[in-house]
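Novice: Input: one structure, supplied below.
Derivation of every value follows stated rules applied to the coordinates shown; laboratory data play no part. Computed from a predicted structure; not experimentally measured. Here Cβ is always computed from backbone atoms with ideal geometry, including for glycine, and neighbour counts include all displayed protein chains.
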Number of protein chains: 2
Amino acid sequence: MTSKQEFIEKLRNSSLRPTKQRINICEVLFNRDKTFHFTINDLFNLIKDKTGEKVSLATVYNTVDAFLKKGYLKEIPINSNQTYFDTNVTDHHHFFDVKEEKLIDIKNEDVGPIEIQKSIPGKKIKSVEVLVKLED
Amino acid sequence: MTSKQEFIEKLRNSSLRPTKQRINICEVLFNRDKTFHFTINDLFNLIKDKTGEKVSLATVYNTVDAFLKKGYLKEIPINSNQTYFDTNVTDHHHFFDVKEEKLIDIKNEDVGPIEIQKSIPGKKIKSVEVLVKLED
DNA sequence: AATCTTCTTTAGAATAATTATAAACAACGA
DNA sequence: TCGTTGTTTATAATTATTCTAAAGAAGATT
């Protein structure tokens, strides 16, 4: 069980005051067993459903952005009309079921080490992400 | 030198009549030595510059979509406000220079084989793409 | 607790990419 | 050439995201 204190800590770490709205957002994002893949719209709707309180879209966008910058959320590189996020911020990869528009985590171990045998002068590698598209 | 005949063939294969506008689009897309990474907006502007003729945005979108479906172009999975495409339709991967918003090809050999040790019942793998984000 | 300052929320407007529409036009086959 | 069908285009519509500014809430100070 994730406690309200942890949410408040996460918020403070992200330079955000712990408000009712933001705690509701945390409740939906972080009070879970499994990793959570979502779009802003998913999140927006789930907040209403789970907490019974409405949080404005702008607040949802702002809070997600702050968590992203702080590293409490990850953006998933994928081409879609909407941006997908992930509560799993460890190194890992994804299946994307194109037909059902659904993401599935792939553990790092299930992909094995990826050695990039090419480098760009003056640049260093920030992340390596594998996207595996699925079809029927 | 890529010939107009090849463009016409590509268009016919994509169930598109070879019109002046579409041939201009092909000229910009396929008359090149190296791979070409672009957004619709890039392409739209280059057509004006290179051919001196304007093609409407709608036509650019429609033609790119048809080539995508036919496999003459690839969409690059990346999170950006705009969608990126690639004229290199062979299996390969990408660097993305986050700061400069620029894509660089990585040959398949420079990444090595990627073995996905996980499978989803009823689904098969359509593609495996690696995105390497670069920072300074 | 009262007050002040600063941050936050919110609805709605603004922006930007993409898709849809429907009228004028061009390619193709007879 | 003519008729059919596909195409182009400007513009409107849609959708995700960002911006704005006014009202409200949190935190610090007394």
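Novice: Count charges around A:His93 for me, please; just the other residues with Cβ under 13 Å from its Cβ, Lys/Arg as +1, Asp/Glu as -1.
Specialist: Overall, the nearby charge balance is -4.
Novice: Straight-line reach only, C-alpha to C-alpha below 17 angstrom: list the aspartates and glutamates that B:Lys54 could link to, leaving out same-chain residues fewer than 8 apart.
Specialist: List returned: B:Glu27, B:Asp42.
Novice: Could you work out [θ]222 nm for the protein assembly as shown from helices alone, using -39500 (n - 2.57) per DSSP H run of at least four and dividing by all its residues? Round to the nearest 500 deg cm²/dmol.
Specialist: -10500 deg cm²/dmol
Novice: Right, something else. Compute the helix-to-body angle for B:20-30: its Cα long axis versus the longest principal axis of chain B, expressed 0 to 90° and rounded to tens.
Specialist: Tilt of helix B:20-30: around 40 degrees.
Novice: Sticking with this one: Less than 12 Å Cβ to Cβ from B:Lys107, Lys/Arg counted +1 and Asp/Glu -1: what total charge do the surrounding residues give?
Specialist: That sum, taken over residues with Cβ under 12 Å, equals -3.
Novice: Have a look at B:Ala66, B:Gln5, B:Asn31 and report the one farthest towards the positive end of the charge dipole of segment B:4-76, computed about the Cα centre with Cβ charges (Lys/Arg +1, Asp/Glu -1).
Specialist: Value computed over the given set: B:Gln5.
Novice: Considering every pair of different Cα atoms, what Kirkwood radius, in Å, is found for the protein assembly as shown?
Specialist: Radius from the Kirkwood sum: 21.0 Å.
Novice: Right, something else. For segment A:57-136 and segment B:34-84, what is the separation of their C-alpha centers, rounded to whole Å?
Specialist: 25 Å
Novice: Which longest uninterrupted range of chain B lacks any GluC sites (Glu not before Pro) assigned by DSSP to a loop state (not H, G, I, E or B) and surrounded by at most 14 other Cβ atoms within 10 Å?
Specialist: Working: sites that count: B:Glu53, B:Glu100, B:Glu101, B:Glu115.
Looking at chain B, B:1-52 is the longest stretch - no exposed GluC sites (Glu not before Pro) with at most 14 other Cβ atoms within 10 Å.
Novice: Then there's this: Report, largest value first, the span of the C-alpha coordinates of chain A along each principal axis, in whole Å.
Specialist: Here the Cα extents, ordered largest to smallest, are 48, 40, 29 Å.
Novice: My understanding is that a pair violates if its Cα-Cα distance is over 28 Å; which of A:Lys126/B:Lys70; A:Lys69/B:Lys102; A:Lys99/A:Lys124; A:Lys74/B:Lys102; A:Lys99/B:Lys70; A:Lys20/A:Lys69 do that in this structure?
Specialist: Details: A:Lys126/B:Lys70 34 Å; A:Lys69/B:Lys102 21 Å; A:Lys99/A:Lys124 35 Å; A:Lys74/B:Lys102 21 Å; A:Lys99/B:Lys70 18 Å; A:Lys20/A:Lys69 21 Å.
Beyond 28 Å between Cα atoms: A:Lys126/B:Lys70; A:Lys99/A:Lys124.
Novice: Just add up the charged neighbours of A:Glu27: K/R +1, D/E -1, any other residue whose Cβ is under 15 Å from the Cβ of A:Glu27.
Specialist: Surrounding charge for A:Glu27 is +2.
Novice: Here's another thing I want to ask about it. To the nearest whole number, what is the average tally of beta carbon atoms from other chains within 10 Å of the beta carbons of peptide A:108-118?
Specialist: 5
Novice: For segment B:91-134, how big is the tail of P(r) above 12 Å, as a whole percent of Cα pairs?
Specialist: Roughly 66 percent, once rounded to a whole number.
Novice: Roughly how big is the protein assembly as shown's charge dipole about its Cα centre, with Cβ charges of +1 (Lys, Arg) and -1 (Asp, Glu), in debye to the nearest 20?
Specialist: That gives a dipole near 740 debye.
Novice: About its Cα centre, how strong a charge dipole does chain B have in debye, to the nearest 20, once Lys and Arg get +1 and Asp and Glu get -1 at the Cβ?
Specialist: Dipole size: approximately 820 debye.
Novice: What is the helix-to-structure angle for A:40-51, meaning the angle in degrees between its Cα long axis and the longest Cα principal axis of chain A, kept from 0 to 90 and rounded to the nearest 10?
Specialist: For A:40-51 against chain A, the angle is about 40 degrees.
Novice: Sticking with this structure for a sec: Would you mind checking which residues have amide H under 5 Å from A:Val89's amide H? H placed 1.01 Å from N; only 5 or more apart, or other chain.
Specialist: Residues meeting the amide H criterion: none.
Novice: How big is segment A:35-115 by Rg and Dmax over its Cα atoms, in Å?
Specialist: Rg, Dmax (Cα atoms, Å): 14.1, 47.
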